[in-house]
Amino acid sequence: MKFKLLGPAVAAAALVGTTLTGGIAVAQTPSAPLAAAAAPSCLNGLTNVPAKETVKVRKTAKLNGTAVGQWNKGKKGFVCNDGKSITGQKYTLCGKTSTEWLYGITNGTNVKGYVPRACINW
């Protein structure tokens, strides 16, 4: 008789142990693939900063990053993160070779994204 009751008792103990510890999910699948770095803060920044040349505003600090808009030559925008650069893909644009990118918002369109620092005049 003891053997018949032992099986359910072990199963019940395992269930209680899992419930109390939150489960033993050692190999949980992340809800998303490795996330890209969070966008810089736009709480502080530089206002009315013009572009030296027309540049594409991109989702990532890469030349082949998805373009989400355009910052036109002479048009002003807002440079986030107090104008601090972000290291990204190396580029040669606007007469300079660099890996420095800025995160900003174009005035009027409110498009946010990364632009090559060499092409922003501040």
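Assorted remarks:
- Search result, residues across region 77-107 that are polar (S, T, N, Q) and more than 16 Å from the chain's Cα centre (by Cα): T92, T97, S98, T99, T106, N107
- Being modelled with pLDDT under 95, under 22 Å from A38 (Cβ atoms) and either open to solvent by less than 70 Å² (accessible area, probe 1.4 Å) or not aromatic (F, W, Y) (or both) is not true of V68.
- When the residues of region 73-100 are filtered to those that are in a loop (DSSP other than H, G, I, E, B) and either open to solvent by less than 60 Å² (accessible area, probe 1.4 Å) or free of Cβ contacts under 8 Å to residues at least 12 places away in the same chain (or both), the one that is farthest from A38 (Cα to Cα) is G74.
- The requirement of being within 16 Å of L43 (Cα to Cα), among the small types (G, A, S) and surrounded by 20 or more Cβ atoms within 10 Å (Cβ to Cβ) is satisfied by G113.
- Residues (in contact (Cβ under 8 Å) with a residue 24 or more places away in the chain, in a loop (DSSP other than H, G, I, E, B) and under 11 Å from G113 (Cα atoms)) located in region 63-72: G65
- Among residues of region 112-122, those that are part of a strand (DSSP E or B) and touching a Lys or Arg at 6+ places or on another chain (Cβ under 6 Å), counted: 2
Yes/no per residue for (1) surrounded by 14 or more Cβ atoms within 10 Å (Cβ to Cβ); (2) modelled with pLDDT of 50 or more; (3) touching a helix residue (DSSP H, G or I) at 6+ places or on another chain (Cβ under 9 Å):
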{"residue": "T19", "(1), (2), (3)": "no, no, no"}
{"residue": "L34", "(1), (2), (3)": "no, no, no"}
{"residue": "N48", "(1), (2), (3)": "no, yes, no"}
{"residue": "E53", "(1), (2), (3)": "yes, yes, yes"}
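- Selected residue (only one of T60, T47, T109 is polar (S, T, N, Q), out of contact with any Cys (no Cβ under 6 Å at 6 or more places or on another chain) and assigned to a strand (DSSP E or B)): T47
The values are calculated or read from the model by the stated rules, or taken from the named source; none is laboratory data. In this text, all values refer to a predicted model and were calculated from it rather than measured experimentally. Quick reminder, even Gly has a Cβ in these numbers, built from the backbone with ideal geometry, and neighbours come from all protein chains shown. Please note that ligands, DNA and RNA were not included when accessible areas were found on the heavy atoms of the full protein model with its side chains. Shrake-Rupley method; radii C 1.70, N 1.55, O 1.52, S 1.80 Å.
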